[in-house]
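Let me begin by presenting the structure, written as structure tokens, before commenting on it.
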2 protein chains.
Amino acid sequence: MPLQFASRLDNVETSAIRELFKLLGKPGIISFAGGFPDSAMFDVEGLREASQKALAEEPGGALQYGATEGYDPLRTQLAAFEQAKGVKDLGPQDLIVTTGSQQALDLLGKTLVSPGDKVIVEGPTFLATIQCFRLYGADLVSAPIDADGVQVDRLEALIAEHKPKFVYLIPTFGNPSGALLSLERRRRILELAVKYQVLIVEDDPYGDLYFTAAPPPPSLLALSDQVPGSREWLAHCGSMSKVLSPGLRVGWLVARPELLAKATMCKQFSDAHTSTFAQATAAQYLRSGRMPATLDHVRKVYAARALAMGQALQRELGDAVAFTQPQGGLFFWARLTGAGGAVRDAGEFAKKAIEQGVAFVPGAPFFAQQPDHSSFRLSFATADVGRIEEGMGRLGQAVRAAR
Amino acid sequence: MPLQFASRLDNVETSAIRELFKLLGKPGIISFAGGFPDSAMFDVEGLREASQKALAEEPGGALQYGATEGYDPLRTQLAAFEQAKGVKDLGPQDLIVTTGSQQALDLLGKTLVSPGDKVIVEGPTFLATIQCFRLYGADLVSAPIDADGVQVDRLEALIAEHKPKFVYLIPTFGNPSGALLSLERRRRILELAVKYQVLIVEDDPYGDLYFTAAPPPPSLLALSDQVPGSREWLAHCGSMSKVLSPGLRVGWLVARPELLAKATMCKQFSDAHTSTFAQATAAQYLRSGRMPATLDHVRKVYAARALAMGQALQRELGDAVAFTQPQGGLFFWARLTGAGGAVRDAGEFAKKAIEQGVAFVPGAPFFAQQPDHSSFRLSFATADVGRIEEGMGRLGQAVRAAR
């Protein structure tokens, strides 16, 4: 006899992407479909030393139950990590450690969303965010973006119309868009938060992965001291996953005390606390001072791959695609133009591409509303420059095959 | 301006225990209030070696994103761990790894409970279970227990009356009760599962911590092959927390494929996956073959402490308390009898005890319904025999002071 599952599961559907991923097992395929960093980039030796030190210096702290809010030495290091990026007035008590930033999203959903509540997200946005919030009954509204990030006039109109529980943004090198929200728009969004008394959730896993000489505009969190009152209406999700190791599952959530307290209570009943072994390892790693060199290395490698992908994409696909060269992060976001009778539907294109031995993710599932079926996402993070050029060549063949 | 939180938060309240815990900072206090294992019992050297091996042998697997279902080598080890305890027909694909068994509870709530659904729990039961299920809107019904565990006749009547979404039990050395469900009642519960087509959730974090020469009766999971059809109506939560290290946050959930698939989907949006670093470390530890010796050691130490506590409790408090000597686990569950005009209210007694420099947890919050205000819980896990005797002496003084 079948079980009767909770009604909240009716709000989510099996991912279309999952179906595509089943095809990736095909031998010889070059995949740009993933959303993960290159494991060759992990500082294994640094993490080995950090984990040893954690066990040697405080075995009890690393192996016993810990505070739900997080391991204090890690909270201290994370506050310093944010301060180094220009965040003012932030202490260890202003953040809690989460089991990856995915859990920060889950706790925001659990803490804030009653069934039927409106939540505004970017169109497109992170797929697991869409599903996570929908599980709590959120009614998602999609705000359009361009190469400079979310369109603020449209966002303001949507806030005024829908009075959302919160607005979820990935302002810096968004997934899947790769877009970078301009400084001017960042300021305006903080002003909107204050004007409409609406919570803005800033998800920032990619902000450290910039390819330019100078860093991108400051995070909303770092900018918040320039817009009086905005800090109160801001929640910020950080992550070690893209810069150090996803396997540690160490993220963090910065928010006003009232919200942190409720999120902590919910976390207590979600997983008691994040692995203290992983937390103590991350704390030792940050304390070791190796992070800046690790980041420098990662930025250089990904920058070279992004450059190679942009050039090869242009060369091989020409006017069949339109895209903006990303200045950081892990992703290219492109649109099939249909020029000269070329393929316009990214789902159809993905099938042709698999036939040619190359994979990517069609863009439609990343939209909570009004999917753009001509869009698709390519990750440049895990293939080296040679594989990227080979893969873009195959993509060119797929375009020609689908003409 | 205050935030408006989700309506589900109205179902939980700040724990009364939390208020008491604030008093524990008083210098010189002997605490029996905790619910955690003794960190002096952790096999730090074995875990150090296991973590090193995990990083050396498969750094990518230990540090990269992993499958939501869990790290395959760990799933294999956990299936073998269960098989060694008499569970038949269980393969790696029949379980998923969770971030502690607390997350298994959270996923069961998220996957199965619609607001207003009935769930039957033991009275008393694990506090974080009560809150976890209530956050998903569960309407909890309490089934009475005695020294042999839940009273099966009463349980059957409650199942028939309430048609619950599931029944949650800690059959072996329950928290807080310490009770051990008899073999006969175990069989009857599996029969009830089949008869009423009702899911039984077996939470089993303490089953390995027995003090007798022979192990306790098999888990419901291990017994299920003796009751045709019962396996389908069983979910089993396991944990490394009490026997190896809580800081790893490694638990597991065994359930029928349909339920595991939904729980996996929910987990994807809760924390993506459990720390692969912690999972790879646990897998290497189990593979190293050190677990049986670790368990032997832990059992001996806790058995001596439990014995000392029982004797001292009897000697110091006499007929002012009634209790059953636990045969395993971490807890004594006792009741104030009020004999000779002694204190009957455990909350009042807890305050007197703190004044005398000793702490425990009053029992009332462990009841989802009809709290027994005369009950209280003592953990014997973290104090050595000398401290236990000293602490019971102080408890005797507290009884006399409250007379």
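Things to note:
- Look at (1) within 7 Å of chain B (Cβ to nearest Cβ); (2) open to solvent by less than 10 Å² (accessible area, probe 1.4 Å) and you find that A:Glu258 fails only one, number (2).
- Residue that is nearest to B:Gly328 (Cα to Cα) [pool: residues in segment B:274-296 that are touching a strand residue (DSSP E or B) at 6+ places or on another chain (Cβ under 8 Å) and in contact (Cβ under 8 Å) with a residue 40 or more places away in the chain]: B:Ala282
- Restricting segment A:139-163 to residues that are in contact (Cβ under 8 Å) with a residue 60 or more places away in the chain and touching a helix residue (DSSP H, G or I) at 6+ places or on another chain (Cβ under 7 Å), the residue that is farthest from B:Val113 (Cα to Cα) is A:Val141.
- On the stretch given as segment A:279-288, residues that are surrounded by fewer than 20 Cβ atoms within 10 Å (Cβ to Cβ) and within 14 Å of another protein chain (Cβ to nearest Cβ) total 0.
- The set of residues in segment B:261-278 that are within 21 Å of B:Pro73 (Cβ to Cβ), hydrophobic (A, V, I, L, M, F, W, C) and facing another protein chain (nearest Cβ under 7 Å) comprises B:Ala272, B:Phe277, B:Ala278.
- Qualifying residue in segment A:66-77 (condition: touching a helix residue (DSSP H, G or I) at 6+ places or on another chain (Cβ under 8 Å), assigned to a loop (DSSP other than H, G, I, E, B), of a type outside the set (Ser, Thr, Tyr) and within 16 Å of A:Ala222 (Cα to Cα)): no
- Filter pass, A:Lys262 being of a type in the set (Lys, Arg), in the same structural domain as A:Ala213 (by TED's automatic domain parsing) and assigned to a helix (DSSP H, G or I): yes
- Matching residues in segment B:68-82 - criterion: being within 15 Å of B:Ala54 (Cα to Cα) and open to solvent by 50 Å² or more (accessible area, probe 1.4 Å): B:Asp72, B:Pro73
- Identity of the residue in segment B:72-87, within 12 Å of B:Trp252 (Cα to Cα) and of a type in the set (A, V, I, L, M, F, W, C), that ends up farthest from the other protein chains (Cβ to nearest Cβ): B:Ala79
- Residues of segment B:164-191 classified as open to solvent by 10 Å² or more (accessible area, probe 1.4 Å), more than 14 Å from chain A (Cβ to nearest Cβ), over 21 Å from B:Phe380 (Cα atoms) and in contact (Cβ under 8 Å) with a residue 24 or more places away in the chain, total: 6
- Selection within segment B:106-135 - among the polar types (S, T, N, Q) and over 15 Å from B:Arg8 (Cβ atoms): B:Thr111, B:Thr125, B:Thr129
- Considered as a group, the residues in segment A:351-403 that are of a type in the set (Lys, Arg) and out of contact with any Phe, Trp or Tyr (no Cβ under 9 Å at 6 or more places or on another chain) include one that is nearest to A:Leu209 (Cα to Cα), and that residue is A:Arg387.
- Residues in segment A:105-119 include none that are away from chain B (no Cβ under 14 Å) and of a type outside the set (Lys, Arg).
- Filtering A:Leu20, A:Leu3 for residues that are at pLDDT below 95, assigned to a loop (DSSP other than H, G, I, E, B) and among the aliphatic types (A, V, I, L, M) leaves a single hit, A:Leu3.
- In segment B:88-107, the residues that are open to solvent by less than 10 Å² (accessible area, probe 1.4 Å) and of a type in the set (Ser, Thr, Tyr): B:Thr98, B:Thr99
- Any chance B:Lys53 is at pLDDT 95 or above, of a type in the set (Lys, Arg), surrounded by fewer than 20 Cβ atoms within 10 Å (Cβ to Cβ) and part of a loop (DSSP other than H, G, I, E, B): no
- Some residue of segment A:88-95 being within 9 Å of chain B (Cβ to nearest Cβ) and part of a loop (DSSP other than H, G, I, E, B): no
- For first residues located in segment A:226-250 and under 18 Å from A:Thr276 (Cα atoms) and at the interface with chain B (Cβ under 8 Å from one of its Cβ atoms), partners that are at pLDDT 95 or above and part of a strand (DSSP E or B) and lie 6+ apart or on another chain with Cβ distances below 8 Å form the pairs A:Ser241/A:Val250; A:Ser241/A:Gly251; A:Arg249/A:Thr99; A:Arg249/B:Thr99.
The values are calculated or read from the model by the stated rules, or taken from the named source; none is laboratory data. All values derive from a computational prediction rather than experimental measurement. Heads up, the Cβs are rebuilt from the backbone with ideal geometry, glycines too, and the neighbour counts pull from every protein chain shown. Areas reflect the complete protein model, heavy atoms only, side chains present, ligands, DNA and RNA absent. Shrake-Rupley method; radii C 1.70, N 1.55, O 1.52, S 1.80 Å.
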